[in-house]
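Where a number appears in this text, it was derived from the coordinates with a stated rule and is not lab data. Since we're looking at a predicted model, the values are computed, not measured. When we count neighbours, we look across all protein chains shown, and the Cβ atoms used for this are built from the backbone with ideal geometry, even at glycine.
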């Protein structure tokens, strides 16, 4: 991956778009007030998504700090409105952006099977993400679409996106998906054929392959700018599993396509994989994170190849790679998904067929013996990504993801989370800046963090009521761009406060005084059932009671539950 000091960087300039051959919304030589209303609203959307130069240029830099603009600065004023007319809170829609069907060579279910189960287990939105491959690129993108359209028709209350699992050149896998519309198939098909590493033979960590990944993201940006699709998103999947997503590559994706490259799986799928053979499980590594470094791996520590409390090491390490990205003051969000291929304790097997000829397997054949080697849960059964949306719509889910209004949980540990940063003493019913947002205040302003949690009162799918034991507040200083794009730690982030949670309540509320602002920072929270804790990877002074590294062959996912939030930023001016 060009890890040495001499590796090259890709520059991507979104400014300077112009010329009469462009749609009106993109022609920056036309002032906003001269646009038709629909073009004006499209331009505002592109600006908020970070896809139009003016929004980025207008963001400026943090006063006096010389560091990159904080997220909300480029979002525009509209995104700070979080009142949906019902007393102010969002609709929290649970979903999963990483689901495989019989159109993946290593999976077996029909689209409807996955969607019906996901719906039954509480999901509002799902993304079908079959593997990029020669058969998929040639046939699968087309043949899965009628099944997705049929599922949309059959479950009208469920949002079903078409996407794919991109084999990222020089890196791991990632979810790519688009807003539904007449070009969803053609855009995904061209993207896969032109930029998938399995099609292009681009798996090695060379500068040329890294550049191909950036070119793929630029293709998606262009598809949105030209109105082929309303929006597109990319999230990196199981990023630490093989050690091949280097820090400079992640930064390169994010910086090349802000608003499209928005984050990664904070917790991978395959959570049943760690169930012991004594309990009819695969006896493997939780998340199937049981690998070792290869020739293409970045020099991360060996501990990074395992999950920690079911979460990816990049996310679970306080002060680790996720925090070092957030410390730049730029958005990078986390999600949690099933990565469902074949389900734990399944009795069905895949229908036989020549997969390479058809691009899919025949319907699964049910009624056999229990398969104990499968490591997945159904979508929604264990992992959920909760998105704060303004409406029940495809656009609102994509906007919520893009803006970081997201928290994730395992095993139904909590039923709801509202988290806001507000001026100290602000008692307005919906005051404060929500998840993903940025509060810009004068230095010296006293702020507080308010965390409201709906506790679990109903049994989860393992038939017990989870008990939240502790909530941790994690704060990190915004220090701007790192000198070394391959840095994966930041020294200014730590667990600053922990709240114990008593039993017998339905709701808890914690208020934490953040003090007077003297620099820009971000704050995020996580919570645990308290069953398995250990000092964090960077030591007890940074994280005294973090998740413990998962034991290969014996990691019951139900006995070790966590939730994580995305951050809220504070900009000191």
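Restricting to Cα pairs below 8 Å that are 6+ residues apart, what does the relative contact order work out to for the chain? Please round to a whole percent.
For the chain, the relative contact order is 16 percent.
With the crude spin-label approximation of a point 7 Å out along Cα→Cβ, what separation in nm comes out for residue 354 versus residue 36?
That separation, rounded to one decimal, is 5.1 nm.
For a label point 7 angstrom out from the Cα of residue 559 toward its Cβ, which stretches of the range 259-284 have the backbone nitrogen within less than 17 Å?
Only 271-284 pass the distance filter.
What are the extents of the Cα atoms of the range 92-387 along their three principal axes, in Å, largest first?
Projected onto its principal axes, the Cα set of the range 92-387 covers 51, 48, 39 Å.
Label points 7 Å out from Cα along the Cβ direction at residue 511 and residue 204: separation in nm?
Rounded to a tenth, the inter-label distance reads 6.1 nm.
Taking the range 111-177 on its own, what percent of its Cα-Cα pair distances exceed 17 Å?
Value for the range 111-177: 43 percent of Cα pairs lie more than 17 Å apart.
Let a ≥ b ≥ c be the square roots of the eigenvalues of the Cα gyration tensor of the chain; is it rounded (a/c under 1.5), or, if not, prolate (a/b larger than b/c) or oblate?
Rounded shape, in that the Cα axes give a/c under 1.5.
For the range 142-185, what ratio Rg/Rh do Cα atoms give with a Kirkwood hydrodynamic radius?
Radius of gyration relative to Kirkwood radius: 1.05.
With both bridge residues required to lie in the range 414-572, what share of the DSSP beta bridges run antiparallel, to the nearest 5%?
Here the antiparallel bridges make up roughly 90 percent for the range 414-572.
Simple spin-label model, 7 Å along Cα-to-Cβ: residue 215 to residue 450 in nm?
Each label point is offset 7 Å from its Cα along the Cβ direction, giving 5.1 nm.
Please work out the Kirkwood hydrodynamic radius for the range 414-572, using every pair of different C-alpha atoms, and report it in angstroms with one decimal place.
Evaluated over the range 414-572, this radius sits at 17.2 Å.
If I take the Cα coordinates of the range 347-490 and project them onto the principal axes, what are the three extents in Å, biggest first?
Ordered largest first, the range 347-490 gives principal extents of 67, 44, 33 Å.
Once the piece of chain linking residue 372 and residue 393 is laid out straight, how much longer is it, given 0.36 nm per residue of separation minus the C-alpha distance between them?
Separation in residues times 0.36 nm, less the Cα-Cα distance, equals 3.8 nm.
Using packing as a proxy for protection, rank 306-314, 502-510, 428-436 so that the peptide with the highest average count of other Cβ atoms within 10 Å comes first.
Descending mean neighbour count gives 306-314, 428-436, 502-510.
Assign one of three labels to the range 497-557, namely rounded, prolate or oblate, based on the Cα gyration tensor with a ≥ b ≥ c the square roots of its eigenvalues; rounded applies when a/c is under 1.5, prolate when it is not and a/b is larger than b/c, and oblate otherwise.
It comes out oblate by the Cα gyration axes.
Tell me, what is the FRET efficiency for residue 347 and residue 497 to the nearest 0.05, using R0 = 56 angstrom and their Cβ-Cβ distance as r?
The pair residue 347/residue 497 has a calculated efficiency of 0.75.
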